[in-house]
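Student: Input: one structure, supplied below.
The values are calculated or read from the model by the stated rules, or taken from the named source; none is laboratory data. Please read all numbers here as calculations on a predicted model, not as lab measurements. Glycine also receives a Cβ, built like all others from the backbone with ideal geometry; neighbour counts cover every protein chain displayed. Heads up: the accessible areas ignore ligands, DNA and RNA and are worked out on the full protein's heavy atoms, side chains in. Shrake-Rupley method; radii C 1.70, N 1.55, O 1.52, S 1.80 Å.
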Amino acid sequence: MNINVSDIIASISLIVSIGAVIFAKLSSSKANSIAQDNLNLQFGMVELEMRQAIENAKSKVNEINIIMAPLIAKQDAGNIDDEGEFTLKSYSKSFNAAVQTLMNTYDDACSKYIDNKVDKNRFKKNYKYEIRNLLENKELKEYFDPLTSRYKPILNVYTEWENSE
């Protein structure tokens, strides 16, 4: 039996090629795992930023509401003076701006949900009832008219969730 050098080289090349394929497959799997971990980390960071923005906006609305309460009570009782009336109007403008900011923050969060920039299951779990409460709140009805609303992402997410139940 004659074994020539070219057969040996071919055999060694075959073994090296098989090794390279196995190494490439393992490297690819590891790279995919790292990429998925990075994606999950990015989702987490986006979700944390959204939650902080929403909580800050809610806090601002609540702060102004608490400050306005005594002035509204005086107005309802009919014993508010001109200075109180002026102050109430100023706070009312700030309150409306704060509510607008809150709506914009929810709208941004829903846009991220629609664009798959967050984990959809976790987003739904965290925001389902908040978004439902927004849309079903009679005082916020003017923001969510299906024809004129600027907050289509919120409406779309709400509709998607309500129709999937």
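Student: Based on the Cβ-Cβ distance of ASN163 and ASP82, what FRET efficiency does E = 1/(1 + (r/R0)^6) give at R0 = 35 Å, to the nearest 0.05?
Tutor: Step by step, r from the Cβ atoms, then E = 0.10.
Student: State the extension gain, in nm to one decimal, for the chain segment bounded by SER90 and VAL46, taking 0.36 nm per residue of separation less the distance between their alpha-carbons.
Tutor: 12.4 nm
Student: Taking the chain as the reference, fit the longest principal axis to its C-alpha atoms, fit the long axis of helix 82-114 to the helix C-alpha atoms, and give the angle between the two in degrees, 0 to 90, nearest 10.
Tutor: Around 20 degrees separate the two axes.
Student: Can you flag which of LYS58/LYS128; LYS124/LYS152; LYS112/LYS138; LYS60/LYS89 are past 19 Å Cα-Cα?
Tutor: LYS112/LYS138
Student: Okay, next question. ³J(HN,Hα) across the range 120-125 via Karplus (A = 6.51, B = -1.76, C = 1.60, θ = phi - 60°), whole Hz, x for Gly/Pro?
Tutor: 5, 5, 5, 4, 4, 4
Student: For the range 33-119, what is one quarter of the convex hull surface built on the Cα atoms, given in nm²?
Tutor: 6.3 nm²
Student: Still on this model: Over the chain, give the accessible area per residue in Å² for a 1.4 Å probe, as an integer.
Tutor: Spelled out: the 1.4 Å probe surface of the chain, per residue, equals 71 Å².
Student: Rank-order 69-76, 9-16, 104-111 by packing density, defined as the average count of other C-beta atoms within 10 Å over each peptide's residues, highest first.
Tutor: For the peptides 69-76, 9-16, 104-111, the packing ranking is 104-111, 69-76, 9-16.
Student: Nearest 10 degrees is fine. How inclined is helix 5-77 to the longest principal axis of the chain, computing both from alpha carbons?
Tutor: Long axis of 5-77 versus the principal axis of the chain: about 0 degrees.
Student: Also, quick follow-up: Residue farthest toward the positive end of the dipole of the chain, with Cβ of Lys/Arg at +1 and Asp/Glu at -1: which of ASN121, GLN36, ILE3?
Tutor: Working it through, the farthest residue towards the positive pole turns out to be ILE3.
Student: Right, here's the next one. If you plug each phi of the range 136-148 into the Karplus form 6.51 cos²θ - 1.76 cosθ + 1.60 with θ = phi - 60°, what whole-Hz ³J(HN,Hα) values come out, in order, with x for Gly and Pro?
Tutor: Per residue, the Karplus-derived 3J(HN,Hα) values read 9, 6, 4, 6, 9, 3, 4, 7, 10, 5, x, 8, 10 Hz.
Student: For GLU136, put the label point 7 Å out on the Cα→Cβ axis and report which residues of the range 34-78 keep their amide N under 15 Å from it.
Tutor: So the set is empty, nothing qualifies.
Student: Additional query: So if we plug the beta-carbon distance of THR101 and ILE34 into 1/(1 + (r/R0)^6) with R0 = 35 Å, what FRET efficiency do we get, rounded to 0.05?
Tutor: Working: r = 37 Å, r/R0 = 1.07.
Approximately 0.40, to the nearest 0.05.
Student: At a 1.4 Å probe radius, carbon and sulfur cover how many percent of the accessible area of the chain?
Tutor: Summing carbon and sulfur atoms, their accessible area is 56 percent of the total for the chain.
Student: Further question: Let me know the charge dipole size of the chain about its Cα centre in debye, to the nearest 20, where only the beta-carbon of Lys, Arg (+1) and Asp, Glu (-1) is charged. Working shown, then result.
Tutor: Numbers: 20 positive and 23 negative charges, 121 e Å.
I would put it at about 580 debye.
Student: Multiplying the sequence separation of LYS125 and ASN4 by 0.36 nm and subtracting their Cα-Cα distance, what value in nm do you get?
Tutor: Gain on extension, LYS125 to ASN4, equals 36.7 nm.
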